[in-house]
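Undergrad: Below is one structure. I have some questions about it.
The values are calculated or read from the model by the stated rules, or taken from the named source; none is laboratory data. This structure is a prediction, so every number in the text was calculated from the model and none was measured. All Cβ positions, glycine included, derive from the backbone under ideal geometry; neighbour counts span all protein chains shown.
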Amino acid sequence: MKRFVLSALLVLCILSVSAVDSRFVYPLGRVQNVDAQKIEVSEAQVLVRNAHNLLIYSTFNAWQPRLEVGFRSDYRIEDVNFQSGNLIYVSSQEASNNVTQVDSLSQYGRIYFTNTVIGDKMTREGSTLYVADRYRGIDIINVGRGGTTELLANFAEKWGIRDFVVEYPYIYALNDFGFITVDISDQSFPLSIATNYQVKDATRLVKYGKNVYVAAGKELIVLSLQDVTAPVMISQTAFFNQIQALKVKDNRLFIALGQGGVKILDISTPSRPKDINTFYPPAAAIDLALDNDYIFVAMGRDGWVIYEYR
């Protein structure tokens, strides 16, 4: 009996050591007096936004982010996407949305251009912009230099698209009933090839390798895409807080959990994600962005913060 207990303790010790994060989280800069509902990073530029405002910061000095320029939107901003560092696509439900620069902020001379498109969510892969609209499906748009656009096709999904990612030749999306896969190998004729409706009330997803990580309320669901035509649920994990955002990098899944902070999971084995770290920003974590060794956390009316993770 004694030998059994010692063996069990040894196994537990080995498991606990294997779940320890080999990296550490170091707080760097913080920006206050900003309503940061969403945060994105591109080429050392941080775009912070809320319903009607875009603020762009430079992180040349990560300890003191510098405000470059601000924009004001007449209508609600649904999503944004950078192209080539100075062109910003803004999705809105109003075609005539006027996104104007706030003159009092243009003190550093950097020029940005905005282009409004109709939709709720968007992502870009190379020169192709994908825009999801809750009522019209997904538009596939070729974007040229100077903001010129050409509609290539529309995937008329009959239910609203909640979130999606693109890795050519497929679109992986969440609709009102679950998960779908769309073949876009011929961008002129997108075709739905798979569904998984075990995933209910899902709002966010990221893809890493041959797996998709889906947020559904307080649950994290992992779908295997080993057979892209038959996505299979391989893992389901419940948290105490609602999942606000998901990001993935280097076999680590970063989860914003509001008052529950930011949780980091090791997803080297997708069917068994390991909890390896949790850190707590000064306020609720409602969105995330990753860039090199930095973690950016949006905290709503409490601003946003930068952490180094190494």
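Undergrad: Just the residues that are closer than 16 Å to Leu174 by Cβ and part of a strand (DSSP E or B), please, taken from the range 210-227.
TA: Asn211, Val212, Tyr213, Val214, Ala215, Ala216, Glu219, Leu220, Ile221, Val222, Leu223
Undergrad: Being out of contact with any strand residue (DSSP E or B) (no Cβ under 6 Å at 6 or more places or on another chain), of a type in the set (D, E, K, R) and without any contact (Cβ under 8 Å) to a residue 60 or more places away in the chain is the filter here; which residues of the range 35-70 pass it?
TA: Passing the criteria: only Glu43.
Undergrad: Of all residues being without any contact (Cβ under 8 Å) to a residue 60 or more places away in the chain and of a type in the set (Gly, Ala, Ser) in the range 189-214, which is surrounded by the fewest Cβ atoms within 10 Å (Cβ to Cβ)? Just the residue, please.
TA: Ser192
Undergrad: Moving to a separate point now. Hey, any hits in the range 63-71 for a residue that's part of a strand (DSSP E or B), within 30 Å of Tyr172 (Cα to Cα) and either at pLDDT 95 or above or over 19 Å from the mean Cα position of the chain (by Cα) (or both)?
TA: We begin by selecting, within the range 63-71, every residue part of a strand (DSSP E or B); these are 66-71.
From what's left, within 30 Å of Tyr172 (Cα to Cα): none.
Within the range 63-71, not a single residue is part of a strand (DSSP E or B), within 30 Å of Tyr172 (Cα to Cα) and either at pLDDT 95 or above or over 19 Å from the mean Cα position of the chain (by Cα) (or both).
Undergrad: Looking only at residues that are over 21 Å from the mean Cα position of the chain (by Cα), at pLDDT below 85 and assigned to a loop (DSSP other than H, G, I, E, B) in the range 112-151, which one is surrounded by the most Cβ atoms within 10 Å (Cβ to Cβ)?
TA: Once the filter is applied, the top-ranked residue is Arg136.
Undergrad: Regarding Ser7, is this residue more than 30 Å from Arg310 (Cβ to Cβ), modelled with pLDDT under 95, more than 22 Å from the chain's Cα centre (by Cα) and small (Gly, Ala, Ser)?
TA: Numbers: more than 30 Å from Arg310 (Cβ to Cβ): yes; modelled with pLDDT under 95: yes; more than 22 Å from the chain's Cα centre (by Cα): yes; small (Gly, Ala, Ser): yes.
Yes, satisfied.
For (1) of a type in the set (S, T, N, Q); (2) in a strand (DSSP E or B); (3) surrounded by fewer than 20 Cβ atoms within 10 Å (Cβ to Cβ), each residue gets a yes or a no:
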residue	(1), (2), (3)
Thr229	yes, no, yes
Ile234	no, yes, yes
Asn241	yes, no, yes
Val248	no, yes, yes
Phe254	no, yes, no
Gly260	no, no, yes
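Undergrad: Take the residues of the range 155-205 that are assigned to a strand (DSSP E or B) and aromatic (Phe, Trp, Tyr): which is nearest to Val80 (Cα to Cα)? First the steps, then the outcome.
TA: Of the residues in the range 155-205, the ones assigned to a strand (DSSP E or B) are 155, 161-167, 170-175, 179-183, 191-196, 204-205.
Among the residues that remain, those that are also aromatic (Phe, Trp, Tyr) are: 155, 164, 170, 172, 179.
Numbers: Phe155: 20, Phe164: 14, Tyr170: 21, Tyr172: 19, Phe179: 23 Å.
Applying the filter and picking the extreme gives Phe164.
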